[in-house]
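The block underneath contains the structure these notes are about, expressed in structure tokens.
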Amino acid sequence: MERQRIIDIKDGQTGNPALRMASPVSLTIYDGEQVAIVGDNAAGKTRLVEALTGVAPVQGTALRFDFSPSPLRLVGENVKYIAFRDTYDGADTNYYLQKRWNRQDIDDDMPTAGALLERAFEAAENGSGRLLDAAARARLHDRRVELRDRLYALFGLDSLLDKFIITLSSGELRKFQLTRTLLAMPRVLVLDNPFIGLDAATRDSLSELLGALTEEMHLLIILVMPRVDVMPPFITHVIPVSGLDILPKISAADYRLNEDYSFNLPGMTDTILSLPHKDLSAEPFYPAGPDPEIVRCTKVTIRYDDRVILKDFDWVVREGERWALTGQNGSGKSTLLSLVCADNPQGYACDIALFGHRRGSGESIWEIKRHIGYVSPEMHRAYLKNIAALDIVASGLFDTVGLFMHPTEVQLDTCRKWMRIFGIEDLADRPYLRLSSGEQRLCLLARAFVKDPELLILDEPMHGLDLHHCARVKAIIDAFVQRPRKTLVMVTHFESELPSCINRHLRLIRTA
């Protein structure tokens with residue numbers, strides 16, 4: 001008996017030449033298989049997925065589906081695709097970098113996470129199975145209610161339901177998106193980078209849940225991953241992608257990962273160390289003297305309505321220290337960094353000193369920011385300027401989202417040098433919004449380094465990067481902090497992402 005072919009594509013290509021793979025795609029995914037599409041950044045993973053899911057329609061009849069035994073028949077009902085690109089799915093078209101912490105700028109009609117999940121549940125109830133009889137619809141309803149309760153319990157969503165969608169952290173947003181999509185009970189679920197932004201306990205729980213759902217819901221899961229160090233055990237097959245071509249599908253047991261991801265670019269460390277040093281002796285906003293304090297928080301409390309994020313929090317960061325900042329999703333990591341970067345207005349009411357100056361003592365935000373290089377999921381989410389990648393990097397010289405000043409040729413040469421260090425010099429003239437998510441993140445990283453900042457704040461900097469680029473970024477960080485008067489604070493949920501230079505560790509505990 002022939003095995004059921006859930007997805008079958010023969011010599012398929014999309015109608016849009018700009019979205020095509022290097023050669024026609026032929027691929028079959030059978031019932032019982034659970035698949036990971038794996039490849040480096042810009043290898044073509046997203047192009048393949050968009051062809052398989054119909055986002056980029058394939059010409060002719062090259063693509064066929066068989067969704068049985070699902071009672072649902074439409075492709076839109078059976079195939080769901082979540083691309084984790086740090087967006088709020090249009091919930092706020094006026095989103096800007098600091099808006100998450102500026103509650104007064106949130107519109108009155110901004111929905112809460114709970115309201116959006118309720119809408120998703122109702123839409124799934126009303127939209128799916130329209131051709132089913134009453135008894136079948138009732139059974140589908142009961143299964144969906146049970147699934148909703150399990151998802152809410154797994155992700156601890158009760159504490160998020162009254163939060164405005166715009167205020168969710170990167171990890172909380174992923175939990176929300178997964179729950180909303182799974183409520184539709186699809187036959188095929190495609191997840192792009194589902195584990196980034198999630199703490200270790202949640203990653204493990206999500207992996208277990210997805211594995212259980214593959215059996216309970218007769219669900220085919222396709223994971224799209226630039227790295228396989230977090231590949232869950234339920235994956236049975238791997239589809240490697242390289243150079244806009246797909247390689248033969250192989251079993252997960254036979255897939256062997258080259259574990260040597262050390263990075264060594266001859267001369268890179270020398271290039272970074274030989275960059276001109278800043279003269280800070282005449283800089284009034286940078287502290288003088290030996291062992292200066294860069295950040296001091298004294299009994300800091302941050303709350304939103306009845307929710308306390310930080311309570312009586314004390315912390316001192318001195319010049320030359322390299323901090324790893326960790327903790328569960330929602331524990332306040334990004335909120336703390338928003339205070340350090342002067343993006344959170346509650347900082348004025350707290351006892352916070354930056355570079356030796358008490359916050360709110362007459363300093364301008366630009367005096368603070370010119371000493372800070374910063375990248376975060378919020379920045380990636382907010383940076384929607386379709387300008388050349390070189391201009392994205394150059395905007396870091398002026399601390400702007402977008403480029404509104406004309407860099408000098410010397411400044412542009414510096415930008416190109418940092419793009420070369422990060423391995424993206426060939427992207428200089430490419431429109432930013434047409435780059436892959438990983439390429440965008442590398443541009444934003446180069447932007448953080450380009451002004452040679454004294455304080456480097458990297459909030460989950462390796463989101464979406466493959467292991468090769470992770471190794472490269474770690475090597476760059478290790479080299480950069482060897483320069484005089486450099487201080488580092490880095491957030492990550494993956495211990496393997498921490499560079500070797502880390503010498504301090506702060507773990508935040510979620511208060512509620």
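What follows draws every value from the coordinates through simple rules; no lab data is involved. All values derive from a computational prediction rather than experimental measurement. No Cβ is skipped: glycine too gets one built from the backbone with ideal geometry, and neighbour counts run over all protein chains shown.
With the helix formula -39500 (n - 2.57) applied to DSSP H stretches of n ≥ 4, the chain reaches a computed 222 nm mean residue ellipticity of -9000 deg cm²/dmol.
Sorted fewest first by neighbouring Cβ atoms within 10 angstrom, Met405, Met217 come out as Met405, Met217. Put in line by how crowded their Cβ is, counting other Cβ atoms within 10 Å and starting with the fewest, Met225, Met21 read Met21, Met225.
Here Lys311 is the anchor, and the lysines within straight C-alpha reach of less than 17 Å, apart from those fewer than 8 places off in the same chain, are Lys299, Lys333. Extension gain for Ile365 to Val410 (0.36 nm times residue separation, less C-alpha to C-alpha distance): 13.6 nm.
Between rounded, prolate and oblate, where does region 118-261 land on the alpha carbon gyration tensor, with a ≥ b ≥ c its root eigenvalues, rounded for a/c under 1.5, else prolate if a/b exceeds b/c?
Details: a/c = 2.25, a/b = 1.45, b/c = 1.55.
Because a/c hits 1.5 or more and a/b fails to exceed b/c, region 118-261 counts as oblate.
Each Lys and Arg contributes +1 and each Asp and Glu -1, all at the Cβ; summed about the Cα centre of region 236-383, the dipole is approximately 380 debye.
Assuming 0.36 nm per residue, please report the length gained on full extension of the stretch Asp133 to Asp229 beyond their Cα-Cα distance.
Values: separation 96, 0.36 × 96 = 34.56 nm, distance 4.50 nm.
So the extension gain works out to 30.1 nm.
In what sequence do Ser159, Ser361, Ser437 fall when counting other Cβ within 10 Å, fewest first? Intermediate values should be presented prior to the final figure.
Values: Ser159 14, Ser361 8, Ser437 21.
Lowest count first: Ser361, Ser159, Ser437.
Counting only C-alpha contacts under 8 Å and six or more residues apart, can you give the relative contact order of the chain as a whole percent? It comes to 18 percent, rounded to a whole number. For a test of the definition: using alpha carbon positions, the gyration tensor, and the 1.5 limit on a/c, classify region 255-354 as rounded, prolate or oblate. Note, shape of region 255-354 comes out oblate.
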